[in-house]
Amino acid sequence: MTGGKEPTASAANTHWGGRFTAGPAEIMRRINASIEFDKRLWAEDIAGSQAHCAMLVAQDILSAQDGAAIQAGLAQIKAEIESGQFVFSEAHEDIHMNVEARLAELIGPIAGRLHTARSRNDQVATDLRLWLRATIERIDRAMRELQQALIDRAEIEAGTVMPGFTHLQIAQPVTFGHHLMAYVEMIGRDRGRLADCRRRLNESPLGAAALAGTSFPIDRHATAATLGFARPMANSLDAVSDRDFAVEFLAAAALTGTHLSRFAEEIVLWCSDGFGFIALSDAFTTGSSIMPQKRNPDAAELVRAKSGRLAGSLAALLTVMKGLPLAYGKDMQEDKIPVFEAADALELCLAAAIGMVRDMRPDREKLRAAAGRGYSTATDLADWLVRAAGLPFRQAHHATGEIVKRAEQRGCTLAELPLAELQAVEPAITAAVYDVLRPECSVASRRSFGGTAPDLVRAAAAAARQSYLVDE
Ligand code: ARG
């Protein structure tokens, strides 16, 4: 009973049908309508109308009485949508006209005064900016929570030795805490990009009208302030045709998706039989319908996969916008689909990543054992030859290579090679060298700024708490 009458296919549109005698073809209605997805903007659409109506009254463009009737109608529509009674109709095309049609049902022809000095072009740009601003704030809180979970765990695992990799080959020992802190830094940059995006998008298009501004004495500064925007957008053509803010959001989201996919891939590897570095509980794994022994890291795999959807959303909107002449074109209605899709995917991925960080149980024994494999302390041996025996690094590198070859032949680790064997390669080596061949000693020695020494990792975690988790 709500949502306005369904115009018949032969009747001209009630919103703009003055010069039309017939209604649209069925396919025209279907391709044109956006209500299926833009109904998500209902709260922002009503907030924008409320601000616009109040300004029209303040500027004497609308009588106080008509303004009050419109506000009452808008309040009722809001209540109807909130309670799920509102019927959204494709015949009314989009969220703006669905609201307006219902307003006309509720208060009669006065409803038609609300659209004075405004167009759906500035309306939709305003709605989407408001929606994205709130969404960015929510996503930022999720990113902060992910940083919190990573820092909490990094502190616990600051001294847990694991292999660090290059080319996915064991390279040098690092600590598990250090590894997790790398993601804290990435998410920190992601938050910075979103904050930039939020700051730039926070200007009001409302009052730009269709494209040229309006002849009515409106106050764009007032509506901007009411809606929490920093200022009105300076150019009316730009105001209705700019979608930079959505592209910036999608670019930031795509990059975050890429970061999360790298983390997810590591979780998949770490859970695998070959690594066995961590375990995930029943909460973040699934079984197999045929293989009773299986425990699959589906959540991590899906986070890894959804980065494709995020990158795809960015490519979609860039492609929609490319070559569009100023000002508005209906093409731009397609902005909302990738924005909504990306926001939903990112929120899910962040929630899953937070859950997995809290859920994962590292196997310290396995991590330690793996850290000792692959001659991971060969660089420490070469560095020792430079420091203690005074060899030039290239010569030390060569001698170490020969020692690794001998360990390989004997099938033992560097620390297990007898001293005589080491001295056969380089006579200057003494028993003191064994101190640097253990992974614990290796990580403890990595004390350069940003290095993996456990006390540096603890200090880095404390610094990250200050810069990322404390509100000014
Ligand atoms: N549903 C439209 C959109 O999302 C609203 C703007 C329509 N403007 C117009 N001139 N037809 O872009």
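Between Thr160, Thr175, Thr126, Thr135, which is in contact (Cβ under 8 Å) with a residue 24 or more places away in the chain, under 30 Å from Arg243 (Cβ atoms) and more than 16 Å from the ligand (Cβ to nearest atom)?
Going through Thr160, Thr175, Thr126, Thr135 in turn, just one is in contact (Cβ under 8 Å) with a residue 24 or more places away in the chain, under 30 Å from Arg243 (Cβ atoms) and more than 16 Å from the ligand (Cβ to nearest atom): Thr135.
Quick check on the range 410-428. Is at least one of its residues of a type in the set (Asp, Glu), in a loop (DSSP other than H, G, I, E, B) and open to solvent by less than 50 Å² (accessible area, probe 1.4 Å)?
yes
Considering only the range 104-122, I want to know if a residue exists there that is of a type in the set (Asp, Glu) and within 16 Å of the ligand (Cβ to nearest atom).
yes
Do we find that Val303 is in contact (Cβ under 8 Å) with a residue 24 or more places away in the chain, within 16 Å of the ligand (Cβ to nearest atom) and under 21 Å from the mean Cα position of the chain (by Cα) in this structure?
When the stated conditions are applied, Val303 does not pass them.
Every residue, every condition in (1) in a helix (DSSP H, G or I); (2) within 32 Å of the chain's Cα centre (by Cα), yes or no:
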position: Ala79; (1), (2): yes, yes
position: Leu103; (1), (2): yes, no
position: Gly112; (1), (2): yes, no
position: Gln123; (1), (2): yes, yes
position: Arg129; (1), (2): yes, yes
position: Arg138; (1), (2): yes, yes
position: Leu150; (1), (2): yes, yes
position: Val174; (1), (2): no, yes
position: Tyr183; (1), (2): yes, yes
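State yes or no: is Ile95 of a type in the set (A, V, I, L, M, F, W, C) and within 23 Å of Thr214 (Cα to Cα)?
Judged against the criteria, Ile95 is a match.
Only one residue in Leu317, Leu326 is buried (at least 17 other Cβ atoms within 10 Å of the Cβ) and within 16 Å of the ligand (Cβ to nearest atom). Which one?
Answer to the selection: Leu317.
Taking the range 25-51 on its own, how many of its residues are within 15 Å of the ligand (Cβ to nearest atom) and open to solvent by less than 50 Å² (accessible area, probe 1.4 Å)?
The qualifying residues number 11.
Name the single residue, out of those in the range 330-339 being open to solvent by 10 Å² or more (accessible area, probe 1.4 Å) and touching a residue at least 24 places away in the same chain (Cβ under 8 Å), that is farthest from the ligand (Cβ to nearest atom).
Checking each candidate, the answer is Pro338.
The values are calculated or read from the model by the stated rules, or taken from the named source; none is laboratory data. Since the model is a prediction, treat every value here as computed from it, not as a measurement. Positions of Cβ are backbone-derived with ideal geometry, glycine not excepted, and every protein chain shown enters the neighbour counts. Accessible surface areas use protein heavy atoms only, side chains included; no ligands, DNA or RNA. Shrake-Rupley method; radii C 1.70, N 1.55, O 1.52, S 1.80 Å.
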